[in-house]
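The values are calculated or read from the model by the stated rules, or taken from the named source; none is laboratory data. Keep in mind that what you see is a predicted model, and the values were worked out from it rather than measured. Don't worry about glycine lacking a Cβ; one is built from the backbone with ideal geometry, like all the others, and counts go over all protein chains shown. When the accessible area is computed, the model is the full protein with side chains, heavy atoms only, and any ligands, DNA or RNA have been set aside. Shrake-Rupley method; radii C 1.70, N 1.55, O 1.52, S 1.80 Å.
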Amino acid sequence: MGTVHARSMDPLPMHGRDMGVHPDDMIEVQEAEHETKQEVLENKDVVVQHVNIEGLGRTKEDLLGYEISEVFDAKNLIDVMKKSHIARQKLLRLGIFKEVEVVIDTSDGTVCAHKRADALPNGLDVTFEVTEMKRLTGSYNTMVGNNEGSMVLGVKLPNVFGRAEKLTFQFSYGTKETSYGLSFFKPQPGNFERNLTLNLYKVTGQFPWSSLKETDRGVSTELNFPLWRTNHTLKWEGVWRELGCLARSASFAVREESGHTLKSALSHTMSIDNRNSAIFPKKGALLRINQELAGYTGGDASFLKEDFELQVNRRLVWDSVLSASLWGGCLLPIGGRPSSIADRFYLGGPTSVRGFGMYSIGPQSEGDYLGGEAYWAGGLHLYTPLPFRPGRGGFGDLFRTHFFLNAGNLCNLNYGEGPRAHLQRLAECVRWSYGAGIVLRLGNIARLELNYCIPMGVQSGDRICDGVQFGAGIRFL
Amino acid sequence: MSLAAEAFVSQIAAAEPWPENATLYQPLREDQILLSDCASSLAVQAYLRMCNLPVHVSCRSNAEYMSPSGKVPFVHVGNQVVSELGPIVQFTKAKGHSLSDGLDDVQRAEMKAYMELVNNMLLTAEISRPRYSSPYSWPLNQILAYQKQWEVRRKMNAIGWAGKSLEQVYEDVSQCCQALSQRLGTQPYFFNKQPTELDALVFGHLFTILTTRLTSDELGEKIKSYSNLLAFCRRIEQSYFEDSQAGSSSRGYSKGPSLF
């Protein structure tokens, strides 16, 4: 029997926390070429005797044992190739290897210099040749925008202790603000989806719709784990928040919220996502439910916050997709203290109810929007490919036209009225809008939209943006 | 806002009369307020009473951060927010209430000089760290207390007080009181018959030092040794703060202990 080499294809994109792999993109395993005899490969029984990994430096071997163990179960050659391919993808998703190549060879060892004593006639050796990532990678960018320039320095240490831990540090020094973040990620060996993240950060934000600026310095720990078909995240976060007025003309209601608060909160998120893609899904649904309890582990802020997100997609005729989404949430202050402007919900803008100014719906004081304690928002979208499909198969596939109908409401709840009164409050004075536009996909995470919107149901105090509205972001209604 | 815009806004504000619901904000009386802030707040309250302008007093733990300049006290009048005695005096002048109209230029300059003296000497005579921390929870109280202490120390360095020992501080306070006592003489107020903002400022500081429970009695004793200053404080307390206590309960004033 001749030598069988099975080499892998060009490196595929990594699967893991940063990017998603679509089942559509998976490339079929190529059939190996057989040099001397024509044999029906499916019927030939093989036994995988050895699986090796070569090229390890600082990575500990016990971590990798879990990823490659399934290759031993293969019973015939096609199976070996399929399982090796899957093992290769698993190794790549750890985020510690630049490249992984698979070499399948017979146990007779004609490639190696000697014959092994225990080699079976139908035995195979599978070798993964890996190239580890460098110990330290850095990046340096400058960013200019919004009357501010800043310099961003990023440092990443993949695989710090040998078991796929990752340490990242990002520092941004700007003309107005400075922010930084340090993050440590550790997966459980053998179970990459179960992982722990520790974060330390300082971020500053400016919110011109409320004339507010906020500086957060905080620490958080997060535990992710899958359970049956759902994904859960448990997180504890301790944040020192400093609020201030953005301008001297800020309203007194915002001025009253200035100062320091400490929030120590436990939160839990459950999500089920069986869409085929995060941007432009063709089918599937997403359900995400999040709750946050603050105040019982220290701190000044004391509340219970619930919010959920639901999205359902269905394919229709002619490549068009109908998508419906629903968001909602509610904030209950505990212990008699009023809620803080930094915890409340906001509504409106190109990423939620289109046709209205950014976060410019709901309770406001002298032009500054204060947010609300309960909200709901819904959207119905019809996505179609561009008319006449220019650039089909290439650039044109990144665009879609969409027709939308958005609605929502945001208000404060004066507790003691009972849930029926609260629901009634949310149902009256609904703001809604409709329109059409073009959407562009950016990578796998973000999208740009250019829409023509017609807002309706506008209440006094809301700021609208009728006509053309541009939006960019990650999460859209 | 640019200077021109600010001037325009204050001109518009000048046209409105003093509202009923004007409010003065200061830090919490019990745990939070520093001696200097207490003195400033009392000075502003005395001044407004002397002008016969009603004001509510509201204590907030974040008063310092609410203030547009970062200093307390500040008043919220209509939709204007003004902080510190100097700008408040200007603001009330724009509305037509002033106490120093009768002074000529020489006297006005003298008044400003004495106010600066009081600000420099008495204002930084006392710092107290534990008092700042209580409204916040751990560890925020420690962090903010250190921040405040560092700030005050920096300010002391800037005016050259950093190296002074306690005796030197007392000596400076004593000299300041002597200057004030000499200027006051036997008159009821610093500029003869009518009280001015200087009277309000001196009253605020001296009264706070005399009635505070925190510090040692040394400072209080130094002031008590000047009998005309003591009489001055009593007189102002009687004329402007006593009557409201007996009268309407809708106006609150935060003074705490009395000299009597």
Fill in: Flag if B:Glu84 is surrounded by 13 or more Cβ atoms within 10 Å (Cβ to Cβ), at pLDDT 80 or above and away from chain A (no Cβ under 14 Å)
yes
Discussion item. Restricting to region A:439-454, give me the number of residues that are open to solvent by 20 Å² or more (accessible area, probe 1.4 Å) and outside any loop (DSSP other than H, G, I, E, B).
Written reply: 9
Discussion item. Looking at region B:153-200 only, could you name the residues that are of a type in the set (Lys, Arg), part of a helix (DSSP H, G or I), without any contact (Cβ under 8 Å) to a residue 40 or more places away in the chain and farther than 17 Å from B:Ala39 by Cβ?
Written reply: B:Arg153, B:Arg154
Discussion item. Can you go through A:Lys213, A:Lys176, A:Lys202, A:Lys186 and tell me which one is under 22 Å from the mean Cα position of the chain (by Cα), among the basic types (Lys, Arg) and open to solvent by 50 Å² or more (accessible area, probe 1.4 Å)?
Written reply: A:Lys186
Practice prompt. Have a look at B:Val106, B:Val81 and point out the one that is of a type outside the set (Lys, Arg) and touching a residue at least 12 places away in the same chain (Cβ under 8 Å).
Written response: B:Val81
Worksheet item: Given the structure, is B:Asn62 in contact with a Gly (Cβ under 7 Å, 6 or more places away or on another chain) and within 13 Å of another protein chain (Cβ to nearest Cβ)?
Response: yes
Worksheet entry | Selection within region A:234-286 - in a helix (DSSP H, G or I), more than 9 Å from every other protein chain (Cβ to nearest Cβ) and either open to solvent by less than 20 Å² (accessible area, probe 1.4 Å) or over 26 Å from B:Pro135 (Cα atoms) (or both) | A:Val254
Item to complete: Name the single residue, out of those in region A:188-238 being closer than 30 Å to A:Ser258 by Cβ and basic (Lys, Arg), that is modelled with the lowest pLDDT.
Response: A:Lys213
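Answer yes if at least one residue in region A:214-228 is more than 30 Å from A:Phe356 (Cα to Cα) and not in a strand (DSSP E or B), and no otherwise. Spell out how you get there, then give the answer.
Taking region A:214-228 first, the residues more than 30 Å from A:Phe356 (Cα to Cα) are A:217-228.
Restricting the remaining residues to those that are not in a strand (DSSP E or B) gives A:228.
Yes - at least one qualifying residue is present in region A:214-228.
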Discussion item. Looking at A:Thr221 and the list (1) farther than 29 Å from A:Ser325 by Cβ; (2) touching a residue at least 12 places away in the same chain (Cβ under 8 Å); (3) within 14 Å of chain B (Cβ to nearest Cβ); (4) open to solvent by 20 Å² or more (accessible area, probe 1.4 Å), which single condition is not satisfied?
Written reply: (3)
Discussion item. Based on this model, can you work out whether A:Tyr383 counts as closer than 24 Å to A:Glu292 by Cα and open to solvent by less than 70 Å² (accessible area, probe 1.4 Å)?
Written reply: no
Worksheet item: Among the residues of region B:138-152, which ones are surrounded by 15 or more Cβ atoms within 10 Å (Cβ to Cβ) and either in contact (Cβ under 8 Å) with a residue 12 or more places away in the chain or of a type in the set (Val, Ile, Thr) (or both)?
Response: B:Ile143, B:Leu144, B:Ala145, B:Lys148, B:Val152
Practice prompt. Kindly indicate whether A:Leu136 is under 28 Å from A:Glu61 (Cβ atoms), open to solvent by 60 Å² or more (accessible area, probe 1.4 Å) and at pLDDT 85 or above.
Written response: yes
Response to the item:
A:Trp432 meets each of (1) open to solvent by less than 30 Å² (accessible area, probe 1.4 Å); (2) closer than 16 Å to A:Ala377 by Cβ with one exception, condition (1)
Worksheet item: Quick one: is A:Gly295 open to solvent by less than 60 Å² (accessible area, probe 1.4 Å) and within 14 Å of chain B (Cβ to nearest Cβ)?
Response: yes
Item to complete: Look through A:Gly418, A:Gly467 and report the one residue that is free of Cβ contacts under 8 Å to residues at least 24 places away in the same chain and within 17 Å of A:Gly355 (Cβ to Cβ).
Response: A:Gly467
Discussion item. Please verify whether B:Leu42 is more than 10 Å from chain A (Cβ to nearest Cβ) and surrounded by fewer than 21 Cβ atoms within 10 Å (Cβ to Cβ), treating the condition exactly as stated.
Written reply: no
